[in-house]
1. What do you reckon, is residue 229 under 30 Å from residue 55 (Cα atoms) and assigned to a strand (DSSP E or B)?
2. Going through region 70-99 one residue at a time, which ones are part of a strand (DSSP E or B) and surrounded by 17 or more Cβ atoms within 10 Å (Cβ to Cβ)?
3. Among residues belonging to region 129-154 that are surrounded by fewer than 13 Cβ atoms within 10 Å (Cβ to Cβ) and touching a strand residue (DSSP E or B) at 6+ places or on another chain (Cβ under 9 Å), point out the one that is farthest from residue 230 (Cα to Cα).
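Where a number appears in this text, it was derived from the coordinates with a stated rule and is not lab data. From a predicted model like this one, the values you see are computed outputs, not experimental measurements. In this analysis, Cβ positions are derived from the backbone assuming ideal geometry, glycine residues included, and neighbour counts consider all displayed protein chains.
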């Protein structure tokens, strides 16, 4: 009797466990129920805010299984990437303001709010500065500050030699066509060790000061202004 009672209890326990597992499996397979829980939302909208004319650059969001992402581009050319809706390429083929927008349509048909990013498209060209230090160390607090005045607020470019440069460096910077560019020399210690040359987008020398004799001190303040022209 005790053996039969034990077997009956064991059988009931196995049956109960089987029912629990069956219900759990059915819940996991109920895609409709899980899909109803999905909230449409754009995550990690990634792309630049300032580009050069004729650049092709990718925009992307975080992908989600079953979702489709719908993009819209104005002021530039959208290039679809085959097999992926969570990213596109954008060809910035005109100067001005481009707008990139995207929203998500989830597997359950829900639609997210539209995320939008503005991109300033400028025509840029590479200028350069050849920096020297006669003592072969750094510029001891001195620096060049290059600022631009135009339709878009651009951060200044700051240049100086460090000890790692061992007294010489040729550094490029991007200058936007049509903008007023101002170059300012900020004085430091031992300025008579410093000499430098500025080259325009065609590689022509437009300003030079100092030499390696310690006898010339570069003047402080605004040393060069121009309206940027690219070749």
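1. Criteria not met by residue 229.
2. 71, 73, 87, 88, 90, 98
3. 141
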